[in-house]
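Novice: Before I ask anything, let me first share the structure, which is written out below as structure tokens.
The values are calculated or read from the model by the stated rules, or taken from the named source; none is laboratory data. Because the structure is a prediction, the values reported are computed rather than measured. Quick reminder, even Gly has a Cβ in these numbers, built from the backbone with ideal geometry, and neighbours come from all protein chains shown.
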Amino acid sequence: MTTDESRDAKNRQLDGFRAHPEHSALTTDQGVRIDDTDNALRAGTRGPTLLEDFHNREKITHFDHERIPERVVHARGAGAYGYFEAYESLAEYTCADFLGEAGRRTPVFVRFSTVQGPRGSADTVRDVRGFATKFYTREGNYDLVGNNFPVFFVQDAVKFPDFVHAVKMEPDSEMPTGASAHDTFWDFCSLQPESTHMLMWLMSDRAIPRSYRMMQGFGVHTFRFVTDDGRGTLVKFHWRPKLGVHSLVWDEAQIAAGRDPDFNRRDLWEAIESGDHPEWELGVQLVPEGDEHAFGFDLLDATKIIPEEQVPVRPIGRMVLDRNPQNFFAETEQVAFHTANVVPGIDFTNDPLLQGRNFSYLDTQLIRLGGPNFSQIPINRPLAEVHHNHRDGYGQQVIHPGTNYFPNSLGGGCPAHAGAGGGAGVFRHYQERIDGEKIRVRSASFDDHYSQAALFWNSMADWERRHIVEAFRFELGKVESAAVQQRMVDNLGNVDPELAAQVADGLGMTAPTQSRRGSEEVSPALSQENLRAPGICTRKVAVLVAEGTDAAQTDAMRERLADEGAVVEVLAEKGGIVGGADGTAIEVDRALRTAASVLYDAVAVPGGAEAVETLEADPAAVRFVAEAYRHGKPLAMLGEASRLMHAAGLPVTVVDDPAPSQGLCVGAGEVADRVTREFVSAIEQHRFPVRPG
Ligand code: HDE
């Protein structure tokens, strides 16, 4: 049992709302004890059910009303609790209390999500991922409602309903689920060149993260830090995962969607349950107000990044997720994020996307959570005290005595205006001078839609570019309208001629004649090549065994990987125990048929002639190895196990003293130790996208 003092303030607040069913008896909503919930009240044992049975009616009625509307976007998600810890005082830039002192901890709740699919859709679809964080600060709730891409599809929120209608399932058939590979999405994007930069991210491997724990997060918009004395600094927020940024490959993602539709949420859940608490560093790019126009693009345009090489990301704190919810609906489903939930010291800019969001999030909760009192739902309650004259409405939980208007004298003038004496901790809007015509026109500084799409393309490693081309070919290949395909290919001709030509070729179309490179610039910080992190902590490794496996090798491999923090699972034809070559028992974690290579980061097969013969004859084992190879995963084949590579039709020659080649660690006898070492460093590299064969 965790001691009370070691639990954060939000956790303790939730105690007041937690049910305690231990040693309890069944009751109605009114607390009346019920002795039978298995048989409805009826007239005679075979007679009709009686209306008088209030328990039956109440039970069924409540069940009938269990569902609420799912989020119109980001419907599928997973949440967790944790804390944010500031590295230093940022008082020079912001009076935000939670950033005011080194070591200050603030409880958080984070919800990760996909965007397009409904609540029951698969996790590993090609999509943007939501990364929304609620900070329960002492000065009220601050929500940083971000994504795992730093840009967005449209520049103005007024286009959001159009975009969402286009990307969601088609209105007649409600297909496809969890996919953007369909006509309406590409029709819209091909007519909206401003979406081009975002499409580059969406077609990249960033759209199929290996884990929520291994993706970056971005606030996207330019926000504003504000000091106590009203000075502003423009700011962009970045989350950077401690485990590095890693992705799946497309074929793997598609198989995983069937093998484990809960792939990403299970990964998050299990990591937290096993004490491997996911961690991100929060960083900021700070731009002095005076430099707002010093860039070749507009800081108010959410289709642009500030390249990290231009303005470095300054780490300001870390976030650790260390607790899973107890009830998905109460916590993860009912959490209500809102971009306008800001605290003193953090303010908006005039980014038209952000301005629209500031309306939308509050509005959407009213229908989703059934009325204006959703901030009283436990997960949404701030730790800071709440006093106002908002009254009544569906689901009101508070008994408000006294007056309900301002100004008043009968209620002692309370709640009074805060900060009358100039006190800290009061929200004051940044005083910005605005001067303009009332006009439905976007600034010309928003017009360049291709430079940064090209910047992204230029910054990719060869294998990343290959994946982007393949993704465009897949997505556009699913589009039935040739005109839409052609328009999109022509559009890519403004990013890079090679990209456009390769995509066109894959679609059997002609490359655009008017191609040009959108930019010559490069930002190395954008490539996943440069976003790895040291170590193999929490990587999942499958060890395939059978009767006669070399037990000593198995143990050594398991121990070494576990020492490095990896999660090792031993798989065999059946669960239970298999006998090693020397008679030692090897414990099996999972039956091969209930698993799949796509659920692991790497595969090892220890030696043992008899065992390898069994595995060679088992199509599930052969497929396991072949698939892992195809997906570029590290493979360790000890001793006779290299024969399995042959059985899988893989182009590997057995050598006694192997050089580590493309993550294939093959060897026998006294080199086994070295093979394991190389295997560990191969897992650290994550993926070997260029393999022979
Ligand atoms: Fe959202 N978005 N969005 N969005 N968004 C919602 O709010 C909206 C945008 C993001 O885990 C909705 O509670 C508009 C950008 C996340 O609960 C809704 C625009 C970014 C989540 C809404 C955008 C996001 C949402 C649906 C302007 C990244 C899930 C349910 C074009 C910076 C939060 C809800 C969670 C959810 C509106 C664009 C992130 C309808 C109008 C840009 C992570 O209010």
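Novice: Can you name the condition, by its number, that Met200 falls short on among (1) closer than 26 Å to Phe446 by Cβ; (2) surrounded by fewer than 23 Cβ atoms within 10 Å (Cβ to Cβ); (3) of a type in the set (A, V, I, L, M)?
Specialist: Result: Met200 passes all but (2).
Novice: Determine whether Asp276 is part of a helix (DSSP H, G or I), touching a Ser or Thr at 6+ places or on another chain (Cβ under 6 Å) and among the acidic types (Asp, Glu).
Specialist: So Asp276 fails the test.
Novice: Hey, another quick one. Among the residues of the stretch 204-232 satisfying the criterion of being part of a loop (DSSP other than H, G, I, E, B) and hydroxyl-bearing (Ser, Thr, Tyr), which is nearest to the ligand (Cβ to nearest atom)?
Specialist: For the stretch 204-232, the residue satisfying everything is Thr222.
Novice: Might you let me know whether the stretch 109-118 holds any residue that is surrounded by fewer than 19 Cβ atoms within 10 Å (Cβ to Cβ), closer than 30 Å to Trp186 by Cα and within 16 Å of the ligand (Cβ to nearest atom)?
Specialist: Taking every residue of the stretch 109-118 in turn, at least one turns out to be surrounded by fewer than 19 Cβ atoms within 10 Å (Cβ to Cβ), closer than 30 Å to Trp186 by Cα and within 16 Å of the ligand (Cβ to nearest atom).
Novice: Considering only the stretch 326-336, I want to know if a residue exists there that is more than 20 Å from Gly77 (Cα to Cα), at pLDDT 95 or above and of a type outside the set (Lys, Arg).
Specialist: No, the stretch 326-336 contains no residue that is more than 20 Å from Gly77 (Cα to Cα), at pLDDT 95 or above and of a type outside the set (Lys, Arg).
Novice: Since Gly535 meets every condition but one in (1) more than 28 Å from the chain's Cα centre (by Cα); (2) at positive phi; (3) surrounded by fewer than 18 Cβ atoms within 10 Å (Cβ to Cβ), which condition does it not meet?
Specialist: It is condition (1) that Gly535 fails.
Novice: Taking only the stretch 37-89 into account, find how many residues are part of a loop (DSSP other than H, G, I, E, B) and either of a type in the set (A, V, I, L, M) or more than 16 Å from the ligand (Cβ to nearest atom) (or both).
Specialist: 24
Novice: Return the total of residues in the stretch 604-627 being among the hydrophobic types (A, V, I, L, M, F, W, C) and surrounded by fewer than 24 Cβ atoms within 10 Å (Cβ to Cβ).
Specialist: Total meeting the criteria: 5.
Novice: With respect to the numbered conditions (1) surrounded by 15 or more Cβ atoms within 10 Å (Cβ to Cβ); (2) in contact (Cβ under 8 Å) with a residue 24 or more places away in the chain; (3) outside any helix (DSSP H, G or I), which one is the sole condition not fulfilled by Trp269?
Specialist: Result: Trp269 fails condition (3) only.
Novice: Considering Ala471, Ala542, which residue is closer than 30 Å to Arg590 by Cα and crowded, with 16+ Cβ neighbours inside 10 Å?
Specialist: Unique residue meeting the criteria: Ala542.
Novice: Can you tell me which residues in the stretch 135-192 are under 27 Å from Val335 (Cβ atoms), of a type in the set (S, T, N, Q) and away from the ligand (no atom under 16 Å from the Cβ)?
Specialist: Thr137, Thr177
Novice: For Thr594, state whether it is on the phi < 0 side of the Ramachandran plot and without any contact (Cβ under 8 Å) to a residue 12 or more places away in the chain.
Specialist: Yes.
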